[in-house]
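Asks: Okay, here's the structure, questions in a sec.
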Amino acid sequence: MITTMSIPEDVNSRLRLTPVIKESGILRYGLWEPLDIVLNGTESSIVVDSTSENRPDLISMEVYGVVDYWWVIMQVNNILMPIRDLVAGKILIIPFLSSIEGALARVRR
């Protein structure tokens, strides 16, 4: 028997948008769907420095005051492997927090 569950809405994990499947007593994640972030071209950008190289959590903390949205910054900038691709000198687009919250709200409906 296969049962599909979801992670609670108050959890800001990128996996919250991914179905959790229970099959034969084993939990696993289903396919991840990227968040639909609307960019309007007026977002700010930052240049990665040596202290935040390979550390998207530090960038999220600097920009939003929480580490929760590191994965959104990586998604918007098409970075799949921060440990390899988030290097000093790289310019990142920083989505507005309202855009992130709006996309999360659309998913929660």
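The values are calculated or read from the model by the stated rules, or taken from the named source; none is laboratory data. If you're wondering where the values come from, they're calculated on a predicted model, not measured in any experiment. Glycine also receives a Cβ, built like all others from the backbone with ideal geometry; neighbour counts cover every protein chain displayed.
Asks: Would the stretch 29-36 turn up any residue that is of a type outside the set (Ser, Thr, Tyr), surrounded by fewer than 16 Cβ atoms within 10 Å (Cβ to Cβ) and modelled with pLDDT of 90 or more?
Replies: no
Asks: Considering only residues that are in a helix (DSSP H, G or I) and among the charged types (D, E, K, R), look in the stretch 75-107 and name the one that is nearest to VAL47 (Cα to Cα).
Replies: It comes out as ASP85.
Asks: Right, next: Looking at VAL63, VAL48, VAL72, can you tell me which residue is closer than 12 Å to LEU92 by Cβ and more than 17 Å from the chain's Cα centre (by Cα)?
Replies: Step by step, each of VAL63, VAL48, VAL72 is checked, and only VAL48 is closer than 12 Å to LEU92 by Cβ and more than 17 Å from the chain's Cα centre (by Cα).
Conditions tested, residue by residue: (1) aromatic (Phe, Trp, Tyr); (2) free of Cβ contacts under 8 Å to residues at least 60 places away in the same chain; (3) out of contact with any Leu (no Cβ under 7 Å at 6 or more places or on another chain).
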residue	(1), (2), (3)
PRO34	no, yes, yes
VAL38	no, no, yes
SER45	no, yes, no
ASP49	no, yes, yes
PRO82	no, yes, yes
VAL87	no, yes, yes
ILE91	no, yes, yes
LEU97	no, yes, yes
ALA105	no, yes, yes
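Asks: What single numbered condition from (1) at pLDDT below 80; (2) not in a strand (DSSP E or B) fails to hold for THR3?
Replies: (2)
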